[in-house]
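Below is one structure, written out as structure tokens, with a few remarks after it.
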Amino acid sequence: MPQNPEKIQDHVELFHQPEYQELFENKKQFENGHDPEEVKRVAEWTKSWEYREKNFAREALTVNPAKGCQPLGAIFAAVGFEGTLPFVQGSQGCVAYFRTHLTRHYKEPFSGVSSSMTEDAAVFGGLQNMIDGLANSYQLYKPKMIAVCTTCMAEVIGDDLQAFINNAKSAGSVPQNFPVPFAHTPSFVGSHITGYDNMMKGILSNLTAGNKKETSNGKINFIPGFDTYVGNNREIKRMCNLMGIDYTVLADNSDYLDSPNTGEFDMYPGGTPLEEAADSINAKATVALQAHSTAKTREYIAKEWKQEVVVSRPWGIKGTDEFLMKLSELTGKPIPKELEIERGRAVDAMTDSHAWVHGKRFAIYGEPDLVYSVVGFMLEMGAQPVHILVHNSNEEFEKELKALLESSPHGKSATFWPGKDLWHMRSLMFTEPVDLLIGNTYGKYLWRDTKTPLVRIGYPIMDRHHLHRYATIGYEGAINLLNWIVNTLFEEIDRNTNIPSKTDISFDLVR
């Protein structure tokens, strides 16, 4: 049958066609599918307290862990530097997954190569793969820096990246003075935020080696952390420019992950210039916008660079106030009137929406810094956290979160679930329902099951477009967060009041 390209159907319509419906029915028969009534019965049972107890008793299985693996964070950090090509010492399949995951979130091409390790390398080691891979990458893609990280395979067999890179340079793969920073990033420990931290430390230690001067350059370094909102880097730079602060963003991947379509291909758009990154060792201070994705990097900077290092998360009113006051303290620069006016607008917006958010019970999941920041903002709005789930938690974060919750009367009834996954969250939401769920795209399945409205905040967001382009920090970011949250509540009200003559008594045009 001839194909007509003008009648290509989206999968939403395609799989409702008769041939696909027949295929699905045959598949059920082939797989000896269970009786629909039995499936329905078991599905209802999984909503019970009895099932919740069994669910929380499991030890050997993780279902949808709400975290990524280390190399994902490592290559995310790498592309924030000028002309940098991420290089993964491992199999092609691994790097294809990382690139695809980031591309699906940003709708942008994400470049990265692998050393294409296969069975031979698994037995004999990946040295030759490194030698050939660096040579090919340098010749084909003309990077200014190649940042190397590892996958599970390379870590299990014990590949020594420093030795391998030295051998590759001796073999002429890249010039001796060409920067090839590296980080060991085994996926079987830590998470994507660990990988970000390891790679950031590796890149900074490589670029700044031998560049320490007796006098400071007067700049402030900013480390965004694993922050997937490209608008945040731009917001940091905008606020600093308003205050007249000289700064370096380590690393600025906003242009790489949100590049303009000019008709010309640029493999490495934007990024922190390598020369500026090398001089960051001479800055006056370093401000990390996240704590738990920068722990090793901050320790390294404080110890080796002898710099003041602070953590400041400018989310919500209180967080942004503290951030700006810290910058003013570090630099002696006053906070300009324009930012005070922006603060007033944010407070006004929060006042407008306060009655709709106050008292709402919510569940949230994600990485530590994001969860901390969003919970803080929600407490400012008078919302009540009920279930807080962070798979990649740690003791320091748990103490920090506990202090935040105890600082507000709205946070004292919250329950915290470290190390748990989204299947645990499903049980929590069925047995102790909430008004709102905050998390990434994977919460869509919880929304479908529990009918709890989902506010998409975090990474990845693959089923909505352009949310990553906004800022979530600063006073402007507070308005964006508020917009997503309160309008999700309104959309849910509309869904529940849209049956004519039955539920539409409050199907209002004005709220």
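Entry comment: accessible area of region 220-338 is 39 Å² per residue, from protein heavy atoms only and a probe of 1.4 Å.
In this structure Val156 has an accessible area near 110 Å², from a 1.4 Å probe over the protein heavy atoms. Show log10 I(q)/I(0) for region 70-208 at q = 0.16, 0.18, 0.19 Å⁻¹, two decimals, from a solvent-free Debye sum over equal Cα scatterers. Normalising to I(0) and taking log10 leaves -0.73, -0.95, -1.07.
Taking all Cα-Cα distances within region 158-219, those exceeding 17 Å account for 55%. Most tightly packed first, judged by the mean number of other beta-carbon atoms within 10 Å of their residues, the peptides 265-278, 61-74 read 61-74, 265-278. Between Asn32 and Thr431, the contour length at 0.36 nm per residue exceeds the alpha carbon distance by 140.5 nm.
In terms of its alpha-carbon gyration tensor, region 353-497 comes out rounded; the largest-to-smallest axis ratio a/c stays below the 1.5 threshold. The per residue volume of the convex hull around the alpha-carbon atoms of region 229-326 is 126 Å³.
Cα centroids of region 486-511 and region 232-288: 43 Å apart. Between Ala43 and Asn206, the modelled label-to-label distance comes to 5.0 nm, taking each label 7 Å out from Cα in the direction of the beta carbon.
Which parts of region 437-463 would a label at Asp494 reach, counting a residue when its backbone N lies under 18 Å from a point 7 Å out along Cα-to-Cβ? Residues 452-456 qualify, since their backbone N sits under 18 Å from the label point. The calculated P(r) of region 261-300, using every Cα pair and 10 Å bins from 0, goes 21, 37, 26, 16, 1 in percent. Compared with the alpha-carbon gap, the fully stretched path from Leu14 to Ala122 is longer by 34.7 nm at 0.36 nm per residue. Taking every alpha-carbon pair in region 106-173 and binning the separations at 10 Å intervals from zero gives 19, 52, 24, 5 percent. For Glu50, the accessible area of its heavy atoms, probed at 1.4 Å with every protein chain present, is near 100 square angstrom.
Pairs over the 26 Å Cα-Cα cut-off, from the set Lys144/Lys213; Lys219/Lys399; Lys27/Lys67; Lys360/Lys399; Lys296/Lys420; Lys296/Lys360: Lys219/Lys399; Lys27/Lys67; Lys296/Lys360.
When all protein chains stay in place and ligands, DNA and RNA are ignored, the 1.4 Å accessible-area order of Glu342, Glu44, largest first, is Glu44, Glu342. Take the Cβ atoms of Ser407 and Gln176, set R0 to 41 Å, and the FRET efficiency comes out at 0.15.
Per residue, the average separation of C-alpha pairs within less than 8 Å and at least 6 apart gives region 119-206 a relative contact order of 34 percent.
Kirkwood radius for the chain, taken over all pairs of different Cα atoms as the inverse mean of 1/r, rounds to 25.0 Å.
The alpha-carbon of Lys451 sits under 15 angstrom from the alpha-carbons of these aspartates and glutamates, leaving out residues fewer than 8 places away in its chain: Glu44, Glu432, Asp435, Glu491, Glu492, Asp494. Under 13 Å from a label point set 7 Å out along the Cα-to-Cβ vector of Ser328, the amide N atoms of region 334-350 belong to 334-341, 343. Leaving out ligands, DNA and RNA, what percent of the accessible area of the chain is carbon and sulfur, probe 1.4 Å? Carbon-and-sulfur percentage of accessible area, whole number: 52. Available extension along the chain between Arg58 and Asn217 is 51.8 nm, counting 0.36 nm per residue and deducting the alpha carbon span. Classify region 181-296 as rounded, prolate or oblate, taking a ≥ b ≥ c as the square roots of the eigenvalues of its Cα gyration tensor: rounded when a/c is under 1.5, otherwise prolate if a/b is larger than b/c and oblate if not. Rounded, because the longest to shortest axis ratio a/c is under 1.5. The helix-based estimate of mean residue ellipticity at 222 nm for the chain, built from -39,500 (n - 2.57) per DSSP H run of four or more residues and divided by its residue count, is -14500 deg cm²/dmol to the nearest 500.
Residues whose amide H comes within less than 5 Å of that of Tyr365, counting only those at least five positions distant or on another chain, are Leu389, Ile438 (H built at 1.01 Å from N in the peptide plane). Taking one equal scatterer on every alpha-carbon of region 7-144, how large is log10 of I(q)/I(0) by Debye at q = 0.12, 0.13, 0.21 1/Å? Values returned for q = 0.12, 0.13, 0.21 Å⁻¹ are -0.86, -0.91, -1.20.
The values are calculated or read from the model by the stated rules, or taken from the named source; none is laboratory data. These figures come from a predicted structure and were not determined experimentally. Don't worry about glycine lacking a Cβ; one is built from the backbone with ideal geometry, like all the others, and counts go over all protein chains shown. SASA here: full protein model, heavy atoms, side chains in, ligands and nucleic acids out. Shrake-Rupley method; radii C 1.70, N 1.55, O 1.52, S 1.80 Å.
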